[in-house]
Amino acid sequence: MLLTLGKSKQSLLLALVLLAFSACKQSEFYDKAALLDPSVKTGSNPGTDIGSLPPATDATGGTVTDPTATDGGSNGGTTTTPPPVVVVTPPPVVTDPVVTDPVINPPVVTNPPVVTDPVVTDPVVNPPVIVTAPKVDCVGSWGSCSVACGGGSQVYNISIPASGGGYQCSALQGASQPCNLQACINLVDRSEVFTQDSTRDGDVDILWVIDDSGSMADNQDNLAKNFNSFIDQFLAKKIDFKMAITTTDGTSTRNGKMVGDSGKLTHASAIGNRTAFTNNFTKWVKVGTSGSGIEQGLKCASSFMDRYASSFLRQDAFLAVVFVSDEEDQSDKKVAEYLAKLQSVKKNAGMVKAYSIVTTKVPANAQWESVGNRYMSVSKSTGGTVADINGDFASSLQNMGGSIVNLMDRFALAQSPYQDKIQVFVNNVEKTNGFTFDVATHSLKFNADSVPAEGAKIEVRYKVQATVLGAI
């Protein structure tokens with residue numbers, strides 16, 4: 001019973017809600033029509049109203065009418081009174097709010113990189129100008145020099161790009177890679193030819209280049225006192241010698257000028273009057289101390305050749321240049337240039353040897369001295385010897401004289417062979433024995449039982465380390 005009553009109440013309540021909703025809809029419709037167009041009438045007149053609407057009903061299903069109201073339509077004068085409008089307020093339309101994330105730190109906007117189109121150059125019609133590589137006497141051409149890189153020997157191709165961007169060294173079986181020739185040893189083939197002359201007496205022309213600056217008085221005295229240690233060996237072995245003296249003052253008219261008379265400093269004058277010969281040398285070798293403090297021994301030696309080469313030098317004699325100085329050479333050109341000048345006066349470059357009695361190590365408390373690197377460089381390049389000017393002058397002069405004397409029965413090479421290796425040919429036939437090679441003087445000497453016949457052609461082939469980047 002209670003269950004049935006509960007369901008009836010539910011049905012009645014539902015009907016009331018539907019009725020209210022219907023009434024709300026009708027009211028809303030009329031309201032909207034009036035708002036949109038006030039001339040619109042309601043009713044059943046065709047063309048004048050919005051259509052026939054069903055009569056309103058009450059909760060019991062009857063028609064609700066107002067008998068006092070009439071209209072001009074088909075309702076028989078009866079105006080239908082709508083039921084009271086129950087306004088049901090619809091829930092507000094809830095829209096989702098636009099939620100924006102709070103910007104704490106705005107992002108940093110960086111300008112994108114400007115992308116530019118690559119520059120397209122027109123194809124080169126004319127071939128580029130090829131930069132000529134430095135002159136190096138490579139066999140065949142510049143592209144086939146032997147070099148030793150990284151401690152090993154191997155044949156490489158060497159070229160210089162047209163852009164001038166540095167040398168390119170590439171192994172024949174490998175790819176090209178940039179190469180600095182200071183790190184690569186560029187080997188160049190050399191060949192020197194001699195003629196066997198057993199009648200040669202062994203001639204040598206000796207030029208003394210003496211420092212005449214203010215600090216050299218004691219050293220000049222030591223040279224004069226110990227000269228006999230030097231010259232005795234020449235007289236003992238009957239070496240035909242000539243000597244001349246000049247200074248290191250290249251800043252005045254003394255540049256390369258001869259001191260004394262070279263005609264009185266010869267083998268013949270020493271044999272004729274040994275005392276007069278010795279006195280002349282000891283007097284003239286004391287060149288004084290009034291010369292320039294800017295020592296230029298290499299320059300003065302070169303200038304001496306300009307002045308006296310034609311009168312002093314003999315064609316088949318060796319040339320020995322002896323530098324004596326307690327300070328570094330300050331000539332304006334490179335060592336290689338001065339050496340080339342000296343070698344140019346002989347038919348064979350190996351016939352020029354340089355010797356140095358210079359400062360090899362600055363003593364403690366020395367005020368003026370400096371190491372003579374440039375003098376030592378030219379000496380080592382020619383196979384000459386180096387002695388310390390602060391050492392025993394007698395021993396230094398004796399060793400130097402002996403080195404020069406020993407050249408008389410040898411074939412001296414112009415340069416030091418790479419790794420001290422040489423090939424010897426006599427009349428175009430290679431010899432593998434019967435000779436020795438003196439590394440210190442880089443000179444060839446045949447054994448007594450293997451001396452080539454008179455007039456024989458002797459050729460020595462070897463490799464040298466080329467100097468393509470200049471010298472000191």
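Coordinate-derived values only; no laboratory data. On a predicted model such as this, the values are computed, not experimentally measured, just so you know. Every residue, glycine as well, gets a Cβ built from its backbone with ideal geometry; the counts of neighbours run over all protein chains shown.
From the square roots a ≥ b ≥ c of the eigenvalues of the alpha-carbon gyration tensor of the stretch 325-381, which class results: rounded (a/c under 1.5), prolate (a/b over b/c), or oblate? Because a/c hits 1.5 or more and a/b exceeds b/c, the stretch 325-381 counts as prolate. On full extension, the segment bounded by Lys237 and Thr195 gains 12.9 nm, given 0.36 nm per residue less the C-alpha separation. Shape analysis of the stretch 209-264 places it in the oblate category; the axes a ≥ b ≥ c from the Cα gyration tensor give an a/c of at least 1.5, with a/b not above b/c. Residue ranges 380-388, 189-197 sort as 380-388, 189-197 when ordered by packing (mean number of other C-beta atoms within 10 Å per residue, highest first).
Give the order of Asp232, Asp212, Asp332 when sorted by the count of other beta carbons within 10 angstrom, beginning with the fewest.
On the way: Asp232 13, Asp212 25, Asp332 9.
Neighbour counts put them in this order, fewest first: Asp332, Asp232, Asp212.
Using θ = phi - 60° in the Karplus curve 6.51 cos²θ - 1.76 cosθ + 1.60, the 3J(HN,Hα) couplings for the stretch 316-332 round to 9, 8, 5, 10, 10, 10, 10, 9, 10, 7, 9, 9, 5, 5, 10, 5, 7 Hz; x is entered for Gly and Pro. Indicate the gyration tensor shape class of the stretch 302-441 (rounded, prolate or oblate), computed on the Cα atoms with a ≥ b ≥ c the square roots of the eigenvalues: a/c under 1.5 is rounded; otherwise a/b larger than b/c is prolate and the rest oblate. It comes out prolate by the Cα gyration axes. For the stretch 393-398, the Karplus equation 6.51 cos²θ - 1.76 cosθ + 1.60, evaluated at θ = phi - 60°, returns couplings of 5, 4, 5, 4, 5, 5 Hz by residue, with Gly and Pro reported as x. In this structure, the amide hydrogen of Glu295, modeled 1.01 Å from its nitrogen in the peptide plane, lies closer than 5 angstrom to those of Gln330, counting only residues at least 5 positions away or on a different chain.
For the pair Ala364 and Asp332, the difference between a 0.36 nm per residue extended length and the Cα-Cα distance amounts to 8.6 nm. On full extension, the segment bounded by Val371 and Thr253 gains 39.8 nm, given 0.36 nm per residue less the C-alpha separation. Simple spin-label estimate for Arg461 and Lys225 gives 5.4 nm between the two label positions (7 Å along the Cα-to-Cβ direction from each Cα).
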